[in-house]
Amino acid sequence: NINDDLVNNFTKKLGLVFIKDHESQDESSKDTFNPLDIFDYIYAVLHSPIYRETYKEFLKIDFPRVPYPKNTKVFVKLSKLGSQLRKLHLMEDSSLKLITQYPESGDNVVEKPLYKDGNVYINDEQYFANVPEIAWKFYIGGYQPAQKWLKDRKGQALQFEDIKHYQKIIATLQRTSEIMEEID
């Protein structure tokens, strides 16, 4: 259940009408918001590089403090960006375009992942081509998912579904970094 004080403050600050059931909200209605809109707004704020840098030390020891939006325009914009991030991170974004290739055939065994010249090598012959450096180095929490995913599969042969999944991870990380820039 969503906190009544939170809803009241958002309602007063934004001049919007709260609808409890996001299913009943008309997409074209610009004067309403729902719990998912609030979640998406918060998700966007927590992915803001400026917010993360500003509250870096505080976030290590306490729960995050989320500022109320300055106005309706900011709330709507950040809610939309947060929604995009949420769908990306749940891998529910059907518009996501794969940006890498896997050009070499072989046994697909992950030996020692190595990033070199825009390629992620899984062994001496096979690699994922056109991997942006930002995706390779991207941090979520305390680890780098593009690297960790492969390291967790060391000694294993990647199946077709694994290769496609890794390509989705790379595209998701790249798109996440782009959306994070838009948030700021």
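The values are calculated or read from the model by the stated rules, or taken from the named source; none is laboratory data. If you're wondering where the values come from, they're calculated on a predicted model, not measured in any experiment. As a convention, Cβ positions derive from the backbone with ideal geometry for all residues, glycine included, and neighbour counts pool all protein chains shown. To get the accessible areas, we keep the full protein, side chains included, count just its heavy atoms, and leave off ligands, DNA and RNA. Shrake-Rupley method; radii C 1.70, N 1.55, O 1.52, S 1.80 Å.
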Tabulate in residue order the Karplus-calculated ³J(HN,Hα) for the stretch 116-132, using 6.51 cos²θ - 1.76 cosθ + 1.60 with θ = phi - 60°, rounded to whole Hz; enter x for Gly and Pro. 8, 6, x, 10, 10, 7, 9, 7, 5, 10, 9, 7, 9, 8, 6, 8, x
Carbon plus sulfur fraction of accessible area for the chain, probe 1.4 Å, in percent: 51
Any idea what the relative contact order of the chain is, in percent, if you count C-alpha pairs under 8 Å spaced at least 6 apart? 20
Let me check I have the definition right: for the stretch 41-126, take the eigenvalues of the Cα gyration tensor, multiply each by 5, take square roots. What are those semi-axes in whole Å, largest first? 38, 19, 10
Based solely on its DSSP helices, what 222 nm [θ] is calculated for the chain when runs of n ≥ 4 H residues each add -39,500 (n - 2.57) and the sum is averaged over all residues, nearest 500 deg cm²/dmol? -14500 deg cm²/dmol
If each of Gln101 and Tyr139 carries a label point 7 Å out from its Cα toward its Cβ, how far apart are those two points in nm? 3.4
Options [x] 1.07; [y] 1.00; [z] 1.27 are given for Rg/Rh (Cα atoms, Kirkwood Rh), and the computed one is [x]
Please calculate how many Å² of accessible area the stretch 103-172 carries per residue, with a 1.4 Å probe and no DNA, RNA or ligand atoms counted. 57
Check Tyr127: other-chain or 5+ apart residues with amide H under 5 Å from its amide H, H built from backbone geometry? Glu104, Ile122
Work out, step by step, the length gained on full extension between Asp31 and Glu125: first 0.36 nm times the residue separation, then minus their alpha carbon distance; give nm to one decimal. 28.2 nm
Tell me which residues come under 5 Å, amide H to amide H, from Ile99 once H is placed; ignore anything under 5 positions away on its chain. Ala171
The stretch 91-167, relative contact order in percent, only Cα pairs under 8 angstrom and at least six apart counted: 32
What distance in nm separates the two pseudo spin-label positions at Lys12 and Lys56, each 7 Å out from Cα along the beta-carbon direction? 3.5
